[in-house]
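Enquirer: Let me give you the structure first, and then I'll get to my questions.
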Amino acid sequence: MKDSDALPAVLRLLTRREHSEAEIADRLRKKGFAEPSVEAALKRCRELGYVDDARFALERARSLMRNGRAVGRRILADLRARGVHEAVALTAVREAEREYGEEELLADLRRLRFPDFSYVSADDRQRRRVVHYFLRRGFSLSLVLSFLKEER
């Protein structure tokens, strides 16, 4: 491929959603672009403000929390998998956690996913299923158990 094709390829990629720099670089390499072309396209996108890992990480963290798909360590793992630097990812998670409280998210998810669940009257199998649902999303065991046992 021509080196000049890398920037338009990045712009087409960014029309759908934001991506981290690492995701974009991987996609361009898979399409056959040479490393200097990849770096030049990323540099130009950074200059124009089209690519910003800090912005991407914060929006991704907010989205995962808002939709109840992940919190805390689960978001960190997601951002790491997308090539976001550790310090940037930690900052994004902290900021998102200030905006969305874990207890509020836990209450909303419980109301939506398990409206009739009662920890006191549930058998062990039901309890494990509900607790593991929340653990897979990154909530801590102590928070989940204290929340469910309070019967809000």
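The values are calculated or read from the model by the stated rules, or taken from the named source; none is laboratory data. What you see is a predicted model, and the numbers here were worked out from it, not measured in a lab. Cβ sites come from the backbone with ideal geometry, for glycine too, and all protein chains shown count toward neighbours.
Enquirer: Looking for something within 15 Å of the chain's Cα centre (by Cα), of a type in the set (S, T, N, Q) and outside the structural domain of VAL144 (by TED's automatic domain parsing) - is there at least one such residue anywhere in region 34-53?
Expert: Within region 34-53, none of the residues are within 15 Å of the chain's Cα centre (by Cα), of a type in the set (S, T, N, Q) and outside the structural domain of VAL144 (by TED's automatic domain parsing).
Enquirer: Collect the residues in region 131-144 that are under 22 Å from the mean Cα position of the chain (by Cα) and assigned to a helix (DSSP H, G or I), keeping them in residue-number order. Explain how you work it out, then say what you get.
Expert: Filtering region 131-144 down to residues under 22 Å from the mean Cα position of the chain (by Cα) leaves 131-141, 143-144.
Within region 131-144, VAL131, HIS132, TYR133, PHE134, LEU135, ARG136, LEU141, LEU143, VAL144 meet the criteria.
Enquirer: Which residues, taken from region 77-95, are crowded, with 24+ Cβ neighbours inside 10 Å and outside any helix (DSSP H, G or I)?
Expert: Hit for region 77-95 is VAL84, nothing else.
Enquirer: For a quick check of your reading of the model, give me the residue pairs whose first member lies in region 77-88 and is touching a residue at least 40 places away in the same chain (Cβ under 8 Å), whose second is in a loop (DSSP other than H, G, I, E, B), with beta-carbon atoms closer than 7 Å and at least 6 apart or on different chains.
Expert: Note: pairs meeting the criteria are ARG82/SER20; GLY83/SER20; VAL84/SER20.
Enquirer: For region 57-76, which positions are in contact (Cβ under 8 Å) with a residue 12 or more places away in the chain and either in the same structural domain as ALA107 (by TED's automatic domain parsing) or assigned to a loop (DSSP other than H, G, I, E, B) (or both)?
Expert: Passing the criteria: GLY68, ARG69, ALA70, VAL71.
Enquirer: Going residue by residue through region 106-115, is there one that turns out to be small (Gly, Ala, Ser), in a helix (DSSP H, G or I) and in the same structural domain as ARG137 (by TED's automatic domain parsing)?
Expert: Step one: list which residues in region 106-115 are small (Gly, Ala, Ser), which gives 107.
Still in the running and in a helix (DSSP H, G or I): 107.
Narrowing further to those that are in the same structural domain as ARG137 (by TED's automatic domain parsing): 107.
Checked region 106-115: at least one residue is small (Gly, Ala, Ser), in a helix (DSSP H, G or I) and in the same structural domain as ARG137 (by TED's automatic domain parsing).
Enquirer: Related question: Return yes when PHE147 is in contact (Cβ under 8 Å) with a residue 12 or more places away in the chain and not in a helix (DSSP H, G or I) and no when it is not. Please lay out each step first, then the result.
Expert: Details: in contact (Cβ under 8 Å) with a residue 12 or more places away in the chain: yes; not in a helix (DSSP H, G or I): no.
No.
Enquirer: I need the full set of residues from region 34-57 which are more than 24 Å from ARG80 (Cα to Cα) and buried (at least 16 other Cβ atoms within 10 Å of the Cβ), in order please.
Expert: SER37 - this is the single residue of region 34-57 that is more than 24 Å from ARG80 (Cα to Cα) and buried (at least 16 other Cβ atoms within 10 Å of the Cβ).
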